[in-house]
Amino acid sequence: MVEEEGFRRYVAHAILWIGIAIVAFPVYIAIVASTQDNALIANGQMSLLPGGHFFEVYYQTIFVGTSGSTREPVGNMMLNSLVMALLIAVGKIAISIISAYAIVYFRFPFRMPIFWIIFITLMLPVEVRIYPTYKIVADLHMLDSYAGLALPLIASATATLLFRQFFMTVPDELLEASRIDGAGPLRFFWDTLLPLSRTNMAALFVILFILGWNQYLWPLLITTRDDMQTIQVGIRKMITTTDALTEWPIVMATAVLAMLPPVFVVVAMQKLFVRGLVETEK
Amino acid sequence: MQKQAIFQSKLLPYALVAPQLAIVLIFFYWPAAQAVIQSFLLQDAFGLSTSFVWFDNYLDLFSDAAYFEAIVRTFFFSFAIAVSSLSVALLLAIMADKPMRGGSLYRTLLIWPYAVAPPVVGVLWIFMLHPSLGVLSRYLREAGIDWNPLLDGNQAATLIILAAAWKQISYNFLFFLAGLASIPKSVFEAAAIDGARPMRRFWTVTFPLLSPTIFFLLVVNIVYAFFDTFGIIDTMTRGGPGTSTVTLVYKVYSDGLLGGNLGSSAAQSVILMVMVIVLTGIQFRFVERKVTY
Amino acid sequence: MANVTLRNVRKTYPGGFEAIKGVNVDVGDGQFCVLVGPSGCGKSTLLRMVAGLETVTGGEIDIGGRIVNQVEPADRDIAMVFQNYALYPHMSVFNNMAYGLRNRGMKEAEVKTRVEEAARVLELSPMLERKPRQLSGGQRQRVAMGRAIVRQPKVFLFDEPLSNLDAKLRIAMRVEIRKLQRRLNTTSIYVTHDQLEAMTLADVLVVMNGGQVEQVGNPLAIYEKPATTFVASFIGAPPMNLMSIRAEEIKSQLGSTEAGILGIRPEDFVITDQTPAGGVALPLTVEAIERVGAETFVYGTRQQDEQRVAATPGELPPGEVIVRIPGSEAPPIGERIRVAAMRAKLHLFSGDGRTRIEA
């Protein structure tokens, strides 16, 4: 790149900092609001500096919830979100890696039709078949259950395609060598293929965890019991746009808590995250 | 493309694909088929009888002004979100691609909003721009703008576009960075020696060379605006005021939930499916060709 | 047409790393200057500083009597051929060559004449409408050349332009570049790590190492009188044999008591039982033979246990020695032979290898 000096370089730094400020400002406001007194906020008198109510607000949020009729501790909501996100991530990776293994390493009747059946699911998000899916989950008595939350979101092909692509790049000699060493298909999968796929699985896990944690429409529909709410659904129920009684510090504390796990994952596992993002979109 | 070295087994491969196949059939194909079938049925008001009505549900939709408005609105939102988010992200990516100190720090500080869930995005932005208590609303009112997105449909739409574009900046930024990194630096150097000033360099070299990335992101952003804005809309405006922020997905949801008109809701789902398939198809065609310049 | 003069040019990166430690080079008008050295020696950095792609942190770069340290690359009136060619992948061959002209506001008719003339010279006329990805490596290289010559700049800069070509094409293009440069008579600076390319192309050869110039001069002069042991071993293939000499007897035989290192090129040895007057001789055990047809390389060693012989006047200490002999006749492996070199063919250096000693 052409090395630049002086003025133009400062412009670049300045633009980036403005970008960072724009990106961070709403979150800063949320953090500030979550440490202030509700009365002050409701009057439109909110300060732009942190207040002194940090501990009481977060204590109430996590262990008690709002004072309204649908009070539910946010701690419990986070647990539900966590279970759902983990089920989606682990479940999707598990069923995808074995089906990709079958499709790449075996020849069997209906192999290609099965591949296409899985492949087509890539195209349609859950939103476009939302009510029929709801009906099936209801018929299977899976409303208000973790299985009902996770299973329909596992039904997609991204991970299968990713593993298929990766397996295709694994040299044939590895399989031939294991065969000469007396390993059968399951041994080869367990001893050779799984360890090789570790980075791919980790990258995929990071992305799927974030996507799972952030699910909204589906949990909104199929959870009716308050104690099964995920945090994304819970936060929506806390604000009533017409009602002046919204407890904003608690809402904002919930927003901060809802952001914390996925943002932490992105920042702490940046390399895996970028890799997973780029590869699942290919 | 097929592997040459494979295993022989009659039953094992079926056992391995069975779990995914079962989940896909039960939770994907069955409901999708139900949606298609239901879109041809009409249920009476009490849900007691259903009759086969051919394309009536579809015809009703297309003669429904509200549905037509929702289509136009959805495309307008998509376009506005994609263009605003892409241009900001491209500017930031070009700045961050320069060789300078703190490059990776900038990247970290710009990518994390990807992880913020749509409903949370909605909550953050409505709080900032809430008519009575939002911290930014004060300044807007001082500037003489009668700001009330809860009553003014255009303002509500603006708010949703802003919030949705904000969330998407980080995603676009990352892909632009990757796109820029894949162009050899010497091409920019050659252009500098060839006498192209920075702006001309951008329009004649950088922009054309990024066009595959831009096209890919355009499709992804449109799909994002179709579906992921649901959470933002539902927490910020719930489609209101009136129907001024009702998008296609929001309409599927609210018609099915409140109206109980399953036939119409199913027909809407099927139309959405077709739209997504077309978009994905376009994208695949271009990805296949890879080089669009 | 221009001279290029580098005066005490330095480059220090923000981290403190000194890539160029004060370089002085003077390239006369129309001369072909080659910067050669191992990878990491700073030769590419230096070229990019002349181009304006890297900032200069010390000294002056003078192109045609103008100090260009602060001048944008576009305004230095230079053209550059990159190692990976850096063709614009989205533009046709014609537009690749025309881009630099149009940026400078040249009339389209003139652009067309110039590009077509360059295409004719470089035999690119039939492929002007193709995109770079539809061309072979050699053709791409010629487009990169074309992009440089249409501009008719004061100076051509070449950054290892042939290193992505196969051996045969590389030699052909090397000759083409030299012919083209002679005809256009444009001052050129060429970077390469290939000493053969450097020897055959250069009017002025600059040998660089560790961010510094080791020696500047006519290629043959450098070959005949390398200034340091680094130059001695870098220029010429296979490299010059270098051996340290400690025994006073040998030094007095050579007529110099300062010398610490003796160098003899493989081609300057003959297999003989004589010791030429003032020259040196050494007995070898043949370890390996490489026959390449017109000549043969003999790899031999002097064993430690032969130390006692080293005391004999004119004989050298132990070590590995390469001998190049004409034809394909060679002694069998394991045989003991004796090789000798004449006084005029010996190169003497100080013990640290930094100074040549003429004696």
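Condition first: of a type in the set (A, V, I, L, M, F, W, C), in contact (Cβ under 8 Å) with a residue 40 or more places away in the chain and either part of a loop (DSSP other than H, G, I, E, B) or under 26 Å from C:Pro38 (Cβ atoms) (or both). Now tell me which residues in segment C:153-189 satisfy that.
Applying the first criterion (of a type in the set (A, V, I, L, M, F, W, C)) to segment C:153-189 yields C:155-158, C:162, C:165, C:167, C:169, C:171-173, C:175, C:177, C:180, C:184, C:189.
Cutting the leftovers down to in contact (Cβ under 8 Å) with a residue 40 or more places away in the chain gives us C:155-158, C:180, C:189.
Across segment C:153-189, the qualifying residues are C:Val155, C:Phe156, C:Leu157, C:Phe158, C:Ile189.
Does segment B:245-252 contain at least one residue that is more than 18 Å from the chain's Cα centre (by Cα) and crowded, with 19+ Cβ neighbours inside 10 Å? Break it down into steps so the answer makes sense when it comes.
Taking segment B:245-252 and keeping what is more than 18 Å from the chain's Cα centre (by Cα), we get none.
No; the residues of segment B:245-252 include none that is more than 18 Å from the chain's Cα centre (by Cα) and crowded, with 19+ Cβ neighbours inside 10 Å.
Considering only segment C:23-57, state which residues are assigned to a strand (DSSP E or B) and at pLDDT below 90. Quick ask: steps written out before the conclusion?
Here is the first cut: in segment C:23-57, the residues assigned to a strand (DSSP E or B) are C:23-27, C:32-36.
Within segment C:23-57, no residue meets the criteria.
What are the pairs with Cβ atoms under 6 angstrom where one residue, in segment C:98-115, is under 16 Å from B:Ala191 (Cβ atoms) and the other, located anywhere, is in a helix (DSSP H, G or I)? Sequence gap at least six, or different chains.
If the second residue must be in a helix (DSSP H, G or I), the pairs left are C:Ala98/C:Val111; C:Ala98/C:Val115; C:Leu101/C:Val111.
Would you mind finding the one in A:Asn214, A:Asn200 that is more than 8 Å from every other protein chain (Cβ to nearest Cβ) and under 20 Å from the mean Cα position of the chain (by Cα)? Full working, then the answer.
Working: A:Asn214 fails: more than 8 Å from every other protein chain (Cβ to nearest Cβ).
From the options A:Asn214, A:Asn200, the qualifying one is A:Asn200.
Looking only at segment B:116-142, count every residue that is over 23 Å from the mean Cα position of the chain (by Cα), more than 9 Å from chain A (Cβ to nearest Cβ) and part of a loop (DSSP other than H, G, I, E, B) and tell me the total.
1
Test each condition in (1) modelled with pLDDT of 85 or more; (2) within 14 Å of chain C (Cβ to nearest Cβ) for B:Tyr293 and report the one that comes out false.
(1) is the only condition that B:Tyr293 fails.
Of the conditions (1) surrounded by 15 or more Cβ atoms within 10 Å (Cβ to Cβ); (2) outside the structural domain of C:Thr301 (by TED's automatic domain parsing); (3) without any contact (Cβ under 8 Å) to a residue 60 or more places away in the chain, C:Val216 satisfies every one except a single condition; which number is it?
All conditions pass for C:Val216, except number (3).
May I ask you to list pairs of residues, at least six apart or on different chains, whose Cβ atoms are under 8 Å apart, with the first in segment A:9-27 being aromatic (Phe, Trp, Tyr) and the second being crowded, with 18+ Cβ neighbours inside 10 Å and part of a helix (DSSP H, G or I)?
A:Phe25/B:Met128
All but one of (1) touching a residue at least 60 places away in the same chain (Cβ under 8 Å); (2) facing chain A (nearest Cβ under 10 Å); (3) surrounded by 20 or more Cβ atoms within 10 Å (Cβ to Cβ) hold for B:Leu86; which doesn't?
Unmet condition: (2).
Which count do you get for residues in segment C:315-334 that are loosely packed, with under 12 Cβ neighbours inside 10 Å and at negative phi?
Going through segment C:315-334 one residue at a time, the tally reaches 3.
Looking for whichever is on the phi > 0 side of the Ramachandran plot, surrounded by fewer than 18 Cβ atoms within 10 Å (Cβ to Cβ) and assigned by TED's automatic domain parsing to the domain that holds C:Ala202 here; the options are C:Gln134, C:Gln152. Which one fits?
Just a single option satisfies the conditions, and that option is C:Gln152.
For every residue, the table says whether it meets (1) β-branched (Val, Ile, Thr); (2) facing another protein chain (nearest Cβ under 10 Å); (3) in contact (Cβ under 8 Å) with a residue 24 or more places away in the chain; (4) more than 27 Å from B:Leu61 (Cβ to Cβ).
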residue: B:Asp194; (1), (2), (3), (4): no, yes, no, yes
residue: B:Phe216; (1), (2), (3), (4): no, yes, yes, yes
residue: B:Phe226; (1), (2), (3), (4): no, yes, yes, no
residue: B:Ser264; (1), (2), (3), (4): no, no, yes, no
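Restricting to segment A:166-188, what's the tally of residues that are of a type in the set (S, T, N, Q) and either facing chain B (nearest Cβ under 10 Å) or surrounded by 17 or more Cβ atoms within 10 Å (Cβ to Cβ) (or both)? Full working, then the answer.
First, the residues of segment A:166-188 that are of a type in the set (S, T, N, Q): A:169, A:178.
Okay, now just the ones that are also either facing chain B (nearest Cβ under 10 Å) or surrounded by 17 or more Cβ atoms within 10 Å (Cβ to Cβ) (or both), so A:178.
Total satisfying the criteria: 1.
Quickly run through segment C:178-200 and pick out the residues that are surrounded by fewer than 18 Cβ atoms within 10 Å (Cβ to Cβ), closer than 26 Å to C:Val231 by Cα and among the charged types (D, E, K, R).
Passing the criteria: C:Arg178, C:Asp194.
Taking the condition crowded, with 19+ Cβ neighbours inside 10 Å and either at negative phi or assigned to a strand (DSSP E or B) (or both), does C:Leu262 pass? Walk me through it before giving the result.
Numbers: crowded, with 19+ Cβ neighbours inside 10 Å: yes; either at negative phi or assigned to a strand (DSSP E or B) (or both): yes.
The answer is yes for C:Leu262.
Scan (1) more than 10 Å from chain B (Cβ to nearest Cβ); (2) surrounded by 24 or more Cβ atoms within 10 Å (Cβ to Cβ) for the single condition A:Thr158 breaks and write down its number.
(2)
Would you check which residues across segment A:41-70 are assigned to a helix (DSSP H, G or I) and surrounded by 14 or more Cβ atoms within 10 Å (Cβ to Cβ) and list them?
Taking segment A:41-70 and keeping what is assigned to a helix (DSSP H, G or I), we get A:41-42, A:54-63.
Passing the criteria: A:Ile41, A:Ala42, A:Phe54, A:Val57, A:Tyr58, A:Gln60, A:Thr61, A:Ile62.
Hey, can you tell me all the residues within segment A:33-46 that are within 9 Å of chain B (Cβ to nearest Cβ) and either at pLDDT 75 or above or under 33 Å from the mean Cα position of the chain (by Cα) (or both)?
The answer is A:Ala33, A:Ile41, A:Ala42, A:Met46.
I need the full set of residues from segment C:103-114 which are out of contact with any Ser or Thr (no Cβ under 9 Å at 6 or more places or on another chain) and within 14 Å of another protein chain (Cβ to nearest Cβ), in order please. Can you show your working first?
Within segment C:103-114, the subset out of contact with any Ser or Thr (no Cβ under 9 Å at 6 or more places or on another chain) is C:104-114.
Correct list: C:Arg104, C:Gly105, C:Met106, C:Val111, C:Arg114.
Please indicate, with yes or no, whether at least one residue in segment B:143-153 is more than 8 Å from chain A (Cβ to nearest Cβ) and in a helix (DSSP H, G or I). Give the derivation first.
Of the residues in segment B:143-153, the ones more than 8 Å from chain A (Cβ to nearest Cβ) are B:143-149, B:151-153.
So of that shortlist, the ones also in a helix (DSSP H, G or I) come out as B:153.
Taking every residue of segment B:143-153 in turn, at least one turns out to be more than 8 Å from chain A (Cβ to nearest Cβ) and in a helix (DSSP H, G or I).
Please work out which residue is nearest to the other protein chains (Cβ to nearest Cβ), limiting yourself to segment C:83-99 and to residues that are of a type outside the set (Ser, Thr, Tyr) and farther than 30 Å from C:Asp194 by Cα.
The initial filter retains those residues of segment C:83-99 that are of a type outside the set (Ser, Thr, Tyr), namely C:83-84, C:86-87, C:89-91, C:93-98.
Next, from what is left, pick out any that are farther than 30 Å from C:Asp194 by Cα: C:90-91, C:94-95, C:98.
Values: C:His90: 3, C:Met91: 8, C:Phe94: 14, C:Asn95: 10, C:Ala98: 10 Å.
In this case the residue turns out to be C:His90.
Take A:Ile210 and tell me if it is modelled with pLDDT of 90 or more, part of a helix (DSSP H, G or I), of a type in the set (Val, Ile, Thr) and surrounded by 18 or more Cβ atoms within 10 Å (Cβ to Cβ). Lay out the reasoning, then the answer.
Numbers: modelled with pLDDT of 90 or more: yes; part of a helix (DSSP H, G or I): yes; of a type in the set (Val, Ile, Thr): yes; surrounded by 18 or more Cβ atoms within 10 Å (Cβ to Cβ): yes.
Criteria met by A:Ile210.
Does segment B:167-186 contain at least one residue that is facing another protein chain (nearest Cβ under 10 Å), closer than 19 Å to C:Glu72 by Cα and touching an Asp or Glu at 6+ places or on another chain (Cβ under 8 Å)?
no
Residues checked against (1) at pLDDT below 80; (2) under 30 Å from A:Trp116 (Cα atoms); (3) within 13 Å of another protein chain (Cβ to nearest Cβ):
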| position | (1), (2), (3) |
| --- | --- |
| B:Trp30 | no, yes, yes |
| B:Ala35 | no, yes, yes |
| B:Asp44 | yes, no, no |
| B:Ser49 | yes, no, no |
| B:Val53 | yes, no, no |
| B:Leu61 | no, no, no |
| B:Ala65 | no, no, no |
| B:Phe68 | no, no, no |
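Filter segment C:231-252 down to residues that are surrounded by fewer than 20 Cβ atoms within 10 Å (Cβ to Cβ) and out of contact with any helix residue (DSSP H, G or I) (no Cβ under 7 Å at 6 or more places or on another chain) and give me whichever is modelled with the lowest pLDDT.
C:Glu249
The values are calculated or read from the model by the stated rules, or taken from the named source; none is laboratory data. No experiment lies behind these values; they were computed from the predicted model shown. Heads up, the Cβs are rebuilt from the backbone with ideal geometry, glycines too, and the neighbour counts pull from every protein chain shown.
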